[in-house]
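Undergrad: Here it is, the structure in full.
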Amino acid sequence: MQVSTNQFFRSQNENMVDLQTKIANLQSKISTGKQLEIPSENPVAFSDAARYKHELSRLEQFGRNIENVTQRLNAEEATLAQFANVLTRVYELSIQGANDTLSVDNRKSLALEIDLLRDELIGVANTKDNLGGAVFGGYRTEGNVFLKKDDGSVEYLGDTNIPEVEIADGIYCPSSNNGQATFMQVSVPGRNNVTSVFELLSETINELRAGRSGKTQLGGIVASLEHVVDARVVSGTRLGALSTQKEIIDTNKNSSEIMLSSVQDTDIQRAIMELKQKMLSLEASQASFVKIAELSIFNYLR
């Protein structure tokens, strides 16, 4: 079978263009580090890469949610710790006031100090998170959610909702408790109805101001302290669960990143070896083309 000169030149040219295209493609894959640039190169791998990217996006969103909830719960836990410390001081003063040898004036002085501590507790209960939202306001985050009235009573202006954030598929974690449950619903032994921490403090203050020992109010102070400590335990438990979930998210992210890399990233060492082979083939084809092209009819007529 004879091959015409035209056919030979066309065939050689197509072969060299193909090699040049493959070389350029390999150079691009090496420079970008990505072996998938267009879906037609490998539709299945491209689909897998898209799936892994989607999964990573979801996991990263869950990670951000966990970080945000963790910050808010840390603020809640720190606030409750501070609240408990102040209440402990109130309890110590109440114990002093219950001493039968204490004078009326001394009890009035204790009442004044506890009154100041109550104001401090109201400020603590109005703590804001890192974004400036009320930690214990429920869905209400703007402004102060605990208001001291002229008569000394404290009103809760937030709502009873508990904000939750999704930290995994179908798994939600409360980002804080509301102020109603945390400070306004203390169960005191011997009482039928719940009452607020602030009301129990007011009762103690009023007893001491009247020169009485306030012994009967000690149970309310103890109950308030226990109530706040229990709330702090809940916060700590949620923080622990978040930490565990973060480890799970990080592990899953690492697995997805490895799988994504396996389908979309260039094997640099292998690509370089293939590039060298293609370049050698191109050089050989070019050299061969030049030599054969020189073998024209004029060479035979010399």
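Values in this text are rule-based calculations from the coordinates and carry no lab data. Note that the structure is predicted; figures quoted are calculated from it, not measured. Cβ coordinates were reconstructed from backbone atoms using ideal geometry, including for glycine residues, and neighbour counts include every protein chain displayed.
Undergrad: Given the options 168, 146, 261, identify the residue whose Cα lies farthest towards the positive end of the charge dipole of the range 141-269 (+1 on Cβ of Lys, Arg; -1 on Cβ of Asp, Glu).
TA: Of 168, 146, 261, it is 146.
Undergrad: Here is a further query. Quick check: Cα centre of the range 69-85 to Cα centre of the range 218-232, how many Å?
TA: Between the Cα centre of the range 69-85 and that of the range 218-232, the gap is 16 Å.
Undergrad: Continuing with this model, one more query. Pull out the extension gain between residue 150 and residue 218, defined as 0.36 nm times the separation in residues minus the alpha carbon to alpha carbon distance; nm, one decimal.
TA: Contour length minus the Cα-Cα distance gives 22.0 nm.
Undergrad: Considering only the other residues whose Cβ falls under 13 Å of the Cβ of residue 205, what net charge follows from Lys and Arg at +1 and Asp and Glu at -1?
TA: It works out to a net charge of -1.
Undergrad: About its Cα centre, how strong a charge dipole does the range 48-114 have in debye, to the nearest 20, once Lys and Arg get +1 and Asp and Glu get -1 at the Cβ?
TA: Its charge dipole is roughly 240 debye.
Undergrad: Could you run the Karplus curve 6.51 cos²θ - 1.76 cosθ + 1.60 with θ = phi - 60° over the range 144-155 and give me ³J(HN,Hα) per residue in whole Hz, x for Gly and Pro?
TA: Rounded to whole hertz, the list is 7, 9, 10, 10, 8, 8, 4, 7, x, 6, 10, 10.
Undergrad: Using +1 at the C-beta of Lys and Arg and -1 at the C-beta of Asp and Glu, which of 130, 68, 79 has the Cα lying farthest in the positive direction of the dipole of the range 58-259?
TA: After comparing all options, I get 79.
Undergrad: Separate question: Sorting 114, 249 on the 10 Å Cβ count, fewest up front, what's the list?
TA: The order, fewest Cβ neighbours first, is 249, 114.
Undergrad: While we're looking at this one, here's another question. Evaluate the charge dipole of the range 58-259 about its Cα centre and quote only its size in Debye, nearest 20, assuming +1 on the Cβ of each Lys and Arg and -1 on the Cβ of each Asp and Glu.
TA: Values: 19 positive and 28 negative charges, 60 e Å.
With Lys and Arg at +1 and Asp and Glu at -1, about 280 debye.
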